[in-house]
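Handing you this structure, nothing more for now.
The values are calculated or read from the model by the stated rules, or taken from the named source; none is laboratory data. No experiment lies behind these values; they were computed from the predicted model shown. Neighbour counts run over all protein chains shown; Cβ positions are idealised from the backbone, glycine included. SASA here: full protein model, heavy atoms, side chains in, ligands and nucleic acids out. Shrake-Rupley method; radii C 1.70, N 1.55, O 1.52, S 1.80 Å.
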Amino acid sequence: MKRGWIIMCILVFGIVGCKDFLNLVPKNKRVVANLEDVKTELLTYLASITYSTSLSPSYGGSVFRFPLYNDVATQLCLYEDDMNMSYYSDHSSIEEKAMNVYTECIDWKGVSLASVLWEKCYGAIGFLNVILDDLEKAGGYTQAEYETITGEVKTIRAYYIFKLLQFFAPYNSDKLGIPLNLDSENVIPGGRLSQREVYRIVIRELEDVLEYETVREKWNIFYYPGIVKAILAQVYMFKAGSAAAEESDWANAEKYSGELIAGYEPENREDILFNMFSGTVREYQVGGANYQLRMTYRISCGFGDIFSGIWAEGKAQRVSNELLDMYDEEDIRREAWFKTEEEEGRTIHYINKPGYTRSINEVTVLFRTAEMYLINAEAKCRQNRVAEAKDMLETFKRARIIGFENYSGEDVLGEILNERRKEFCYEAGTRWVDMKRLGIGTSRVGMSKEGEGTEVYELKSDDYRYALPIPNGVELDYNNKIEQNPGWGNLN
């Protein structure tokens, strides 16, 4: 195994034009002769997103990285309504690059954020297409080998396709899905598929993987029934309010989330919640009681402090007053995810989620069991089974709020959505896609883009900025069959 890691460190695959992310034909790619070569290709990719920054294979001009960690996840936090944007620069490690990111994101026009998400997702999809093609050409595999390799590839690929839909497809326009090419030999540029077409591909591939009978190998990360079901639960929940919605969406969201919460008791201790988002050991864990996937490692940040980004180990960025006021004083999440300081007679609440340290400063927790629980409760509510949803809501609140007894309000669905906001703040864009699917309008005060004083920035409930722009110079300049998202015009 050690020899395998050394091989992974030096491999670099298929270089194609960096502006051509949908032309996924590998050029100058090393010849894959047998099954072991295919395994090495896949393990190279998995190592590059879970092990170390020293592993930097590339494809399509894009160095492999998990699309939603570290700097990208932080920029998505800047898009959401859970940060107090007036104090962004209030620590010594913030420098010019970090302020440039702030300036882009303060009015939800982060073109560089869109470019990184587009590049990382499509670059990875292209490489994963090649692995499946190489597997078929190599042959000589057993059913178990086929399932462990294909199951890993199809699950990751489906997840990235889903993320592209969430970030780039206008929620209420089915025809404006995303361009998609799953054929590594196809060089012909194509237009945008409808959202219904893309969802059918994602759901079919994930359901196919669920039919596989082989147990995951130790090296498998995404090939795991719990992860596949969690993605499907997220897919059906997000799809249910979109232009691609179907009558069965909420029933399916309930089905797949329900299979993951059997026997689950919501976490009722502050230390459990804190430790979920902190760590001292570089590792990845699959199939834990509180999540389906957790990755922790050391990686430098691109803006802000080199190791803790804009968070400065929990003593820089402040929670928005609106979010903070939603927490009961006895809510264990207040202590788990925020730090307090007394400054000039006032108590300042700083964001401490993730809980970055100097030894481990990348903590990515995906597919939390708590999310599956709240998806299930929301699905029941959406299907007019409010009494069942209320029972679940009360169970969840009793775990999170010391001394809580019963919910006395009338808006059960609204309270479930409030719990989602309190529970999943600062987690890889979860709040942003919730704002999009729920049609939330917001306004906030931030530093002026002109550099002097402050401004009030507004995002409407149906705002065009909820669909990120397709980057000029990356795709639109190459593929004239793809139209820009409404409202963005020419970005050049």
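Taking S257, is it in contact with a Phe, Trp or Tyr (Cβ under 9 Å, 6 or more places away or on another chain), open to solvent by less than 50 Å² (accessible area, probe 1.4 Å) and assigned to a helix (DSSP H, G or I)? Don't jump to the end; show me each part of the working.
Values: in contact with a Phe, Trp or Tyr (Cβ under 9 Å, 6 or more places away or on another chain): yes; open to solvent by less than 50 Å² (accessible area, probe 1.4 Å): yes; assigned to a helix (DSSP H, G or I): yes.
Criteria met by S257.
Also, I was wondering about something else. Being within 27 Å of N268 (Cβ to Cβ) and more than 29 Å from the chain's Cα centre (by Cα) is the filter here, so list the residues in the stretch 397-453 that pass it.
Hits for the stretch 397-453 are I402, G403, F404, E405, N406, Y407, S408, G409, E410.
Next question. If a residue must be open to solvent by 30 Å² or more (accessible area, probe 1.4 Å), touching a helix residue (DSSP H, G or I) at 6+ places or on another chain (Cβ under 6 Å), not in a loop (DSSP other than H, G, I, E, B) and not hydroxyl-bearing (S, T, Y), how many such residues does the stretch 265-304 contain?
Qualifying residue count for the region: 2.
Among the residues of the stretch 80-110, how many are β-branched (V, I, T), part of a loop (DSSP other than H, G, I, E, B) and more than 22 Å from L323 (Cα to Cα)?
1
I'd like the full set of residues that are over 15 Å from D107 (Cβ atoms) and buried (at least 21 other Cβ atoms within 10 Å of the Cβ), limited to the stretch 436-451.
First, the residues of the stretch 436-451 that are over 15 Å from D107 (Cβ atoms): 436-440.
Passing the criteria: only K436.
Is it true that L393 is buried (at least 21 other Cβ atoms within 10 Å of the Cβ), within 18 Å of the chain's Cα centre (by Cα) and either in a helix (DSSP H, G or I) or basic (K, R) (or both)?
Spelling it out, it is not the case that L393 is buried (at least 21 other Cβ atoms within 10 Å of the Cβ), within 18 Å of the chain's Cα centre (by Cα) and either in a helix (DSSP H, G or I) or basic (K, R) (or both).
Name the single residue that is least open to solvent (accessible area, probe 1.4 Å) among those in the stretch 356-370 being among the hydroxyl-bearing types (S, T, Y), within 12 Å of F277 (Cβ to Cβ) and not in a strand (DSSP E or B).
Selected residue: Y356.
If the requirement is being buried (at least 19 other Cβ atoms within 10 Å of the Cβ) and of a type in the set (D, E), which of these qualifies: E483, E415?
The unique qualifying residue is E415.
Among the numbered conditions (1) crowded, with 19+ Cβ neighbours inside 10 Å; (2) in contact with a helix residue (DSSP H, G or I) (Cβ under 7 Å, 6 or more places away or on another chain); (3) not aromatic (F, W, Y), tell me where G241 comes up short.
(1)
Further question: Could you check the stretch 137-159 and list, in sequence order, the residues that are of a type in the set (D, E, K, R), at pLDDT 95 or above and either open to solvent by 30 Å² or more (accessible area, probe 1.4 Å) or closer than 17 Å to V286 by Cβ (or both)?
Within the stretch 137-159, E145, E147, E152, K154 qualify.
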